[in-house]
Every structure is written in C-alpha cells, then in structure tokens.
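> Before I ask anything, let me first share the structure, which is written out below as structure tokens.
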Amino acid sequence: MNAQARSTASGLPYALGTYLFWGLLPLYFAALRHVPAFEMVGWRIVFTVPFCILLVSLRRDWGAVAGALRNPRTFAILAASALAIGANWTIYVWAVQQGHVLAASLGYYINPLLNVLAGTLFLGERLSRLQWGAVALAGIGVAILAVNALTMLWVSLGLAAFFCVYGLLRKRVAVEALPGLTVESLILTVPGVWVVIHQALAPGGSSLGQSPLTDALLALAGVLTGLPLLFFAIAARRMDYSTLGFVQFVTPTIVFLLGVFVFHEEVRLTQIACFAFIWCAIGLFTLDLLRRRKRPGRREAAS
C-alpha cells in the first residue's frame, strides 16, 4: 500500500465516524423540538467552547492554539472557516424552521459532488474515468430530487457551498484538527453568546433551566457538535477531498432511513430513484478505489 493509500485508510474511520454522528443528529434534535431553532444554534456554539478547552488542556495543546491565533494567515483562514460553518448552520436552521426540509436535505446530497469538484479544481486531485462516471450517476440522482425543490434551490446550494468551503479551508490550513477547531469555536463565541442572551431576554425566555433533561441535552450539544467536526478536520487532512466527498453520502442515507422507519415519513418515487443512482455511484467509486489500492501491492510483490 503506498503512502497516499495509507493516509486515506487512516482517515476513513474518522470520516465514517463524522458522517455517522451527523446522520443520527435528527434523533437528538427531535428530543429538543421545544427549543427554538436559533437558540439551539447558539447553545451549540456556547457548549462547544468548553468541550474544546477540555480536550486542548488534556492534550496540553495550548501552544498550537496560541500559534494559530498569532499567525495572521492561519487565523484568517480559520476565521473564514468558522464563518462558513456558522453560515451553514444558520441556513439549515432557517430552512427547517420554515418547513423547507426537502431543500435542506438536498443540500447534503449536492455537497459531496461539490467536494469532488473542489478537489479536482483547487487541490489538483485527479479522477479516473470510473470516478467521473460515478460523479455523473450521483449528479443525475441529485438532479431528480432538485426538480422538486427548484423554488428553494438557493437553500440547497447555500448549504452545500458553505460546507464545501469549510472543508476546503480546513484541508489547506497548516494547523492540526483540535487547535483549529478551538480557534473556530472561540471566533463563533461572540455571535453564539449574543443569540443565547437575546433569547433569554425574549418573552419566552431561555430554554436552559426549564428542566434537568433539557439542560443535559443542551449541554451535550457541545460534544455532538465538536466531536464530529474534530473527526471531519482529521479526515479532511488525511484523505483526498474527492474521496471524502463520496463517503459523505452516508449521512443523508442514514437520515433517509430514520425518516422512513423512525419518523414514518412518506417515501416518494423521486427519492427511491435518487437513492438508486447515488448508491450505484458509490459502488462504482468504491470499486475504482479498491482496484487502485490493489495495483501498488501487485507492483511491490513483483519487485
């Protein structure tokens, strides 16, 4: 196995862990339906900060955090990535709050395709013919869903684009995953605290303090937000961005299965057709990856 294949293999568990976390998040948010959506985003930010501080302290990594804060280029990139993930969260919350769930879910089908294109355009990654064929199949599947959400397509494109930019920036910044996430969390603290205070002063008041269960679930938001983002940053630095993009289809697939078997949502013919194309694309992409991993091994055996 060559160096790139070993790097991809070491990053794959982190990528799968990330997308598994995000796929199961609807169960968490369903338990907090009574918390206003924007307040939920605020608490996600606020509780992510102590989670990062704890991990940095345990790893004694404050030197790397200070270095990232002192380096103008690194800080600028992390500020941009923080704004990108913050914008992604805000659009998602707004879309769900306004009942545009289809448009929001479509964004996470479009995002892997943007990741693949970003990898080829900005990172010099090259796709084989089979991989381009997989991109085409996935594109057809996404287009089938997009037909039913044309009026709110800007929501889908916004979600996909901001998260694509986030991943691209995290791959290019010269800082490890945890220090980078800590700096991002500190940058987002100001808007996060503002949202929480604004909600506390509103007529309905803050959701924190309403019940021990709600308080515990809100506090858990820090772990459920920070841990997958940490895993994602590790995976993004170790894997080709194109490969990372295709693995991301795990998340909407889990969400789809939860929608059918847990939330009992109606399954449309367009969704079935979309999944058929996407999973054929995943199979084709995976087949090509396996073939490419076997070839170096054969050369090494021959030598």
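The values are calculated or read from the model by the stated rules, or taken from the named source; none is laboratory data. All of these numbers come straight from a predicted model, not from anything done at the bench. Note: ideal-geometry Cβ built from the backbone for every residue, glycine included; neighbour counts use all protein chains shown.
> Quick one: which of Leu121, Leu55 is modelled with pLDDT of 90 or more, in a helix (DSSP H, G or I), under 25 Å from Val250 (Cβ atoms) and more than 18 Å from the chain's Cα centre (by Cα)?
Just a single option satisfies the conditions, and that option is Leu55.
> Next up: Within region 211-241, which residues are within 12 Å of the chain's Cα centre (by Cα), of a type in the set (S, T, N, Q) and at pLDDT 90 or above?
Listed by number, the list is empty, since nothing qualifies.
> Still on this structure, please answer the following. Here are some residues: Gly11, Gly42. Which one is of a type in the set (Gly, Ala, Ser), within 21 Å of Arg170 (Cα to Cα) and assigned to a helix (DSSP H, G or I)?
Checking each option against the conditions leaves just Gly11.
> Hey, could you check region 99-135 for residues that are without any contact (Cβ under 8 Å) to a residue 60 or more places away in the chain and among the small types (Gly, Ala, Ser) and say which is nearest to Tyr19 (Cα to Cα)?
Gly107
> Please verify whether Phe285 is more than 19 Å from Leu32 (Cβ to Cβ) and touching a residue at least 12 places away in the same chain (Cβ under 8 Å), treating the condition exactly as stated.
yes
> Then there's this: So which helices (runs of 4 or more DSSP H) are wholly in region 200-276 and hold at least 2 residues that are within 22 Å of Val147 (Cα to Cα)?
Hits in region 200-276: 250-261.
> Something else about it: Hey, among Ala160, Ala174, which residue is part of a loop (DSSP other than H, G, I, E, B) and in contact (Cβ under 8 Å) with a residue 40 or more places away in the chain?
Ala174
> Would you check which residues across region 232-246 are surrounded by 23 or more Cβ atoms within 10 Å (Cβ to Cβ) and either hydrophobic (A, V, I, L, M, F, W, C) or free of Cβ contacts under 8 Å to residues at least 60 places away in the same chain (or both) and list them?
Hits for region 232-246 are Phe232, Ala233, Ala235, Ala236, Met239, Leu244, Phe246.
> Check region 143-162 and report whether any residue there is modelled with pLDDT of 85 or more, under 27 Å from Met40 (Cβ atoms) and of a type in the set (Ser, Thr, Tyr).
Scanning region 143-162 turns up no residue that is modelled with pLDDT of 85 or more, under 27 Å from Met40 (Cβ atoms) and of a type in the set (Ser, Thr, Tyr).
> Mind checking whether some residue in region 6-14 is at pLDDT below 90 and more than 21 Å from the chain's Cα centre (by Cα)?
There is at least one residue in region 6-14 that is at pLDDT below 90 and more than 21 Å from the chain's Cα centre (by Cα).
> Sticking with this one: Scan region 45-85 for residues that are surrounded by fewer than 21 Cβ atoms within 10 Å (Cβ to Cβ), of a type in the set (Val, Ile, Thr) and more than 17 Å from Val173 (Cα to Cα) and jot them down.
Residues satisfying the conditions are Val49, Ile53, Val56.
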